[in-house]
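Scroll down for the structure; my scribbles are underneath it.
Here, each number is a calculation from the coordinates, and none is a lab measurement. Predicted model only: the values in this text are computed from it and were never measured. Neighbour counts are summed over all protein chains in view; Cβ atoms, including those assigned to glycine, are modelled from backbone coordinates with ideal geometry.
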Amino acid sequence: MTKQNSPPRRHPIALVLAAWLLASFSAAAAWASVATTSPPLKPITINLQDKAALRNGALYTLHMCTACHSLQGTRYSSLPAMLGMSEARFKEIIGTNGHHYHDVITSSMPPSVIDAFVKILPMDLTYIARRHSPAWLYTYLTSFYVDPSRPSGVNNVVFNNVAMPDVFAPLQGLQKPVMTEGLRYGSPAKVAIGVEPLTKGSMTQAQFDRTARDIVTFLYAVAHSHEQERWRLGPWIIGLFVLLSVLTYLIYRLYWRRVITSEERWWKVGK
Ligand code: HEC
């Protein structure tokens, strides 16, 4: 008797699996072809309760950054409470750049300047701070380096070919890049992975790093304005749900204790 080999049957699950594998390989290949060496981010710890850091961050942000960026996630009038200072003290020390106290914080750049020089307004800082992690923001702010090939003369380690000028040059001094052979959109290229000091600024390195950290703390606090409230309310709300679960379980037990099962019924269905 000869053994008959049945023709190989293609199982539908095997077909689906093969298609899925093929799709994931081609996606991985597409991803690999645009791979870019990503420089390490500088770790940072921010403390949203640190009012001194928030005040310092607000001072620098409202005096340096709003020359170009808006910060539409907040109004001047909501800042004093967040910074732990009175309205009068806020107006005296930080001020509103000539805007009304109850205004949303907008860029101070007049539309004519925008049209003549930048064409597109830099993105809103609230949006930027929601999109990036504190470590990314901190690395970005501390990692501008001299690059004569750029129109502004500077480039940035975590934002290649950035259009923002190095507004910190007077404080931090200039920096030179630490380059390595890496990938940019899949092609071999020299990639900056860090910076080294080139000239001295008016601040020491530690002072500047603290200033950058304070700016990140302030931006993060504005962009996540309900975070502290969420941490405060979260445990109570989870506790409430746990309590409700226990009560619901007790009610369930109570109801089922009173339900008559078919064994206990004096009329027997189907008998
Ligand atoms: C002279 C105008 C100017 C000033 C002042 C300025 N910026 Fe910018 N900033 C820009 C421009 C223009 C861009 C857009 C860069 C691009 O898209 O290439 C930018 C981009 C950024 C980004 C990256 C946003 C992204 O798309 O991910 C961050 C973060 C940022 N700025 C933070 C700040 C902070 C914080 C300050 C204040 C210390 C500041 N900027 C001051 C012009 C400015």
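In percent, rounded to a whole number, the relative contact order of the chain is 23, using alpha-carbon pairs under 8 Å and six or more apart. The lysine pair count for segment 51-223, using Cα distances under 27 Å and pairs eight or more places apart or on different chains, is 4. Radius of gyration (Cα atoms) of segment 147-244, expressed as a multiple of 2.2 N^0.38 Å: 1.64. Summing +1 for each Lys or Arg and -1 for each Asp or Glu among the other residues whose beta-carbon sits under 15 angstrom from that of P151 gives 0.
Would you mind counting up the charge near Y101? Only other residues with Cβ under 9 Å from its Cβ, with Lys and Arg at +1 and Asp and Glu at -1. Net of charged neighbours comes to 0. Residues whose amide H lies under 5 Å from that of V154, counting only those 5 or more places away or on a different chain, are D147; hydrogens are built 1.01 Å from N in the peptide plane. Taking only the Cα atoms of the chain, the radius of gyration and Dmax are 30.0, 103 Å. Only DSSP H runs of four or more residues enter the estimate; each adds -39500 (n - 2.57), and after division by the residues of the chain the mean residue ellipticity at 222 nm equals -14000 deg cm²/dmol.
I'd like the chymotrypsin sites (Phe, Trp or Tyr not before Pro) in segment 171-224 restricted to DSSP loop residues with at most 14 other Cβ atoms within 10 Å, sorted by number. Of the chymotrypsin sites (Phe, Trp or Tyr not before Pro), the ones in loops of segment 171-224 whose Cβ has at most 14 other Cβ atoms within 10 Å are Y185.
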